Structure formats: structure tokens, C-alpha cells
Amino acid sequence: MVCLLSDNIISPLGVTAQENWEAVLNGKSGVRPRGKVFGVGDDFTGSLLERDAIEPLGEGFTFFETLMIRSAEDAVGRAGIDPSDHRVAFVISTTKGNSDLIGEVPDREVMLWYSARKIASYFGNPNIPVVVSNACISGGCAQYAAKMLLDDENSGTDWVVAVGGDVMSRFIVSGFQSFKALSAQVCRPFDISRNGLNLGEGAATMVFSRNPSSGSNIVLTGCALRNDANHISGPSRTGEGLHNAIESAYSQSGLRREDTAFICAHGTSTLYNDEMESIAFTRSNLSSVPVTCLKPHFGHTLGAAGLLEAVLSVRALRNGVVFPIMTYSEKGVSGDISPVRETGKTDRKAFLKTLSGFAGSNAALIYEEVVCR
């Protein structure tokens, strides 16, 4: 079993997973107009952290590294494990790391491996950290890597600290603006009036254990990555990669479609991604399963998204809650799906989390609430 021991989220809505969960339940959003930030030409609407809200670590640590460490620190403390133990592995998920410092520091200091080693070293961990950077599915890849390490009895790993995050920069914002992908309003996943995504900052951590322990009743039972190799940025029109990932995840878990409480979709609110997801869900016989999404609350947090959204989905599962898509009004995709308009209740004990990203990358993860002994 790959059990979830503890978690954390740091976002504009809170610095613990519980604070962020309560913010979601109360319909709060960190997304708002920010004006012309990062020296870009157009106004920007997104979810940004207050820099002084994160306790600094002192010289030698960038804001990105500090954010990642503070998130991992909270989750590791809650897990009650010794992060310096050689049986603990660190998996670092990010898309751009210290991209805000490009041209301002030596080249190696913006390399992802460099930040990853600083993060692991802060905790005294003796192992080389695993770095995963696969566009918008990076957080899903981190959970996949954690499962691989813990499923392998010869890996020498009993616990995995998977931490993901990203901070905004001119490099990131101008890149998405060049695609004409950003919305000036809070995004509207799967809605007929959707017109683009919002970007967001944050970090999230999940601590996993090889063995069941007291309180660890959430298990990662299915996890699959697939690439449809369709286009450098555009998703498959047939949802092929995501459909295949979903099929593999269900096959691994043995879960029946009708026992799925909800799908926490990627839901970027872009024209083609939402359409592709709706087709993949339909092809995977998930039309009757409630579909929800968290992007209107946090924006797209890139390397943190897969972890952050999985953590909050776990909270929902434990509380028997299906949270709504906060900004959803009318279906604007061709697939036969069931977007959630209002908070609901469920007694089902599993959820599906999906992610899709540039270059045709797709991830599907299934978590189940079980009785661990």
C-alpha cells in the first residue's frame, strides 16, 4: 500500500491544507486583477502570494526554495518522520523553479537540480532528490514517482516527501500571454463563456508511506502517465492520451466507475483543454461521475497543481463532500459530463484526479479511502 501520511498547502488562501480547504468550502478565491506585473505589457489577473507572508530562511535561499521548504516542513512535522533518515526520499515537482532569477544569478542557480539539492539538504536528507518537470502534469508525475519508489521493495525507500511549487515571473506570464491563453476574469472551467486561464503561485506537499499506519487511510491505488504526442502545446482532439491514462489507472486500482465520488479535473478553462477532457471522460464511461475543478480558487499553480488539487480532493473525500466549480454556469463542451454547480454530499470512497499539459502529456491518479491496519 502507498498511504498518504500528511500534507500541506501554501497559497494566497492559507498556509496549511486545512486553511485552504476551509477557504474552498467558503467559496474564496485568490484570483484577482493585478495590473501590469513583472514588467509585462498587458494587465494580469491571477493568484499571487504576499512575499512577506512566508517566513524567510535567510540568505542563500530564494523565495521559491523557501516556499517549497516551508510547505515540506509543515507536512513532515505532521507526518512524524525524520527527514534525515536514509529511507526517506524527496521528490521535487516544478515547471520553472527560479525562472524569476534568469540573468541575475549564475546559470547553475536556476537549474532545478540545484534547488532540489538545497531543499533536501535543508532537511539533512542524504539521498539525491528526484526532480520531475513535465509541464502542467509535474505534480502528478511526482505522485507517480513516489508510488514507483514505494512499490519497489528494493528501493530502500519507506517514505517519500513529494513537494511541488512554482512562483510567477516575467518569463512565465509573458509566455502564456503570447499564447493569448490568459483571462482577465476568474476562469470558468467547462463553461460556455470560458475564455482562458489564470496563473497562480503556491506550493503543496504530500508525504507517503510504504506501510499503513494509524490515521493513514488514504491510498494511491492507481496512477498512470500517457503522452498523445499530438502537438507542442495543443491537446489531442480525441482525448487519446488522457483516455488511455484513465483506463490504465482504473485497471490498476480495480475501482468501478460507479464507485467514483468525483473527478477533480485539470480544467484550465482554455477552449481546447476543457473540450479534450470532456471527450476523454466520455470515452472512459465517466459521464455520470460529478466533475469539479479548483482553478477558479487558486489559478493554475503549474508544478504545484497536481499536488495541491489532490490534497484538497483528499479533504473532500474524507468529509464526504463534492465541491462545486465555483464559476460554472452552463456547459460549453461537447462531451457528456456532469460539472458540479453546488456543494454536494457523497458516501463513495474514491476519486479520480486528472492533469494534462503541453506536448501531449497526461496523468490520471486514483485515491481511495480504506481501512488500514
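The values are calculated or read from the model by the stated rules, or taken from the named source; none is laboratory data. None of these values were measured; they are calculated from a predicted model. Glycine also receives a Cβ, built like all others from the backbone with ideal geometry; neighbour counts cover every protein chain displayed.
Can we say ILE279 is within 22 Å of ALA142 (Cα to Cα) and either surrounded by 22 or more Cβ atoms within 10 Å (Cβ to Cβ) or of a type in the set (Asp, Glu) (or both)?
In short, no.
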- line: With the first residue restricted to the stretch 145-171 and required to be in a strand (DSSP E or B), and the second required to be of a type in the set (Lys, Arg), Cβ contacts under 9 Å at 6 or more apart or on different chains are TRP159/ARG87; TRP159/ARG210; VAL160/LYS147; VAL160/ARG210; ASP166/LYS96
message: Can you find, within the stretch 330-346, the residue that is nearest to the chain's Cα centre (by Cα) among those that are more than 17 Å from GLU275 (Cβ to Cβ) and in contact (Cβ under 8 Å) with a residue 60 or more places away in the chain?
response: VAL340
- prompt: Does the stretch 85-105 hold any residues that are part of a strand (DSSP E or B) and either of a type in the set (A, V, I, L, M) or free of Cβ contacts under 8 Å to residues at least 40 places away in the same chain (or both), and which are they?
  reply: VAL88, ALA89, VAL91, ILE92
message: For the stretch 239-258, check the following and say yes or no: at least one residue is under 26 Å from VAL24 (Cα atoms), assigned to a strand (DSSP E or B) and outside the structural domain of CYS187 (by TED's automatic domain parsing).
response: no
field: Condition broken by ASP166, with the remaining ones in (1) acidic (Asp, Glu); (2) at pLDDT 95 or above; (3) surrounded by fewer than 24 Cβ atoms within 10 Å (Cβ to Cβ) satisfied
entry: (3)
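Taking the condition of being assigned to a helix (DSSP H, G or I) and surrounded by fewer than 21 Cβ atoms within 10 Å (Cβ to Cβ), how many residues in the stretch 50-64 meet it?
Of the residues in the stretch 50-64, 4 are assigned to a helix (DSSP H, G or I) and surrounded by fewer than 21 Cβ atoms within 10 Å (Cβ to Cβ).
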task: Answer yes or no: is there a residue in the stretch 345-358 that is surrounded by fewer than 24 Cβ atoms within 10 Å (Cβ to Cβ), closer than 21 Å to ILE192 by Cβ and polar (S, T, N, Q).
output: no
query: Is it the case that ILE128 is in the same structural domain as ASN8 (by TED's automatic domain parsing), in a loop (DSSP other than H, G, I, E, B) and out of contact with any Leu (no Cβ under 6 Å at 6 or more places or on another chain)?
result: yes
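Conditions tested, residue by residue: (1) aromatic (Phe, Trp, Tyr); (2) surrounded by fewer than 23 Cβ atoms within 10 Å (Cβ to Cβ); (3) within 19 Å of the chain's Cα centre (by Cα).
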residue: PHE262; (1), (2), (3): yes, no, yes
residue: GLY267; (1), (2), (3): no, no, yes
residue: ASN285; (1), (2), (3): no, yes, no
residue: SER288; (1), (2), (3): no, yes, no
residue: PRO296; (1), (2), (3): no, no, yes
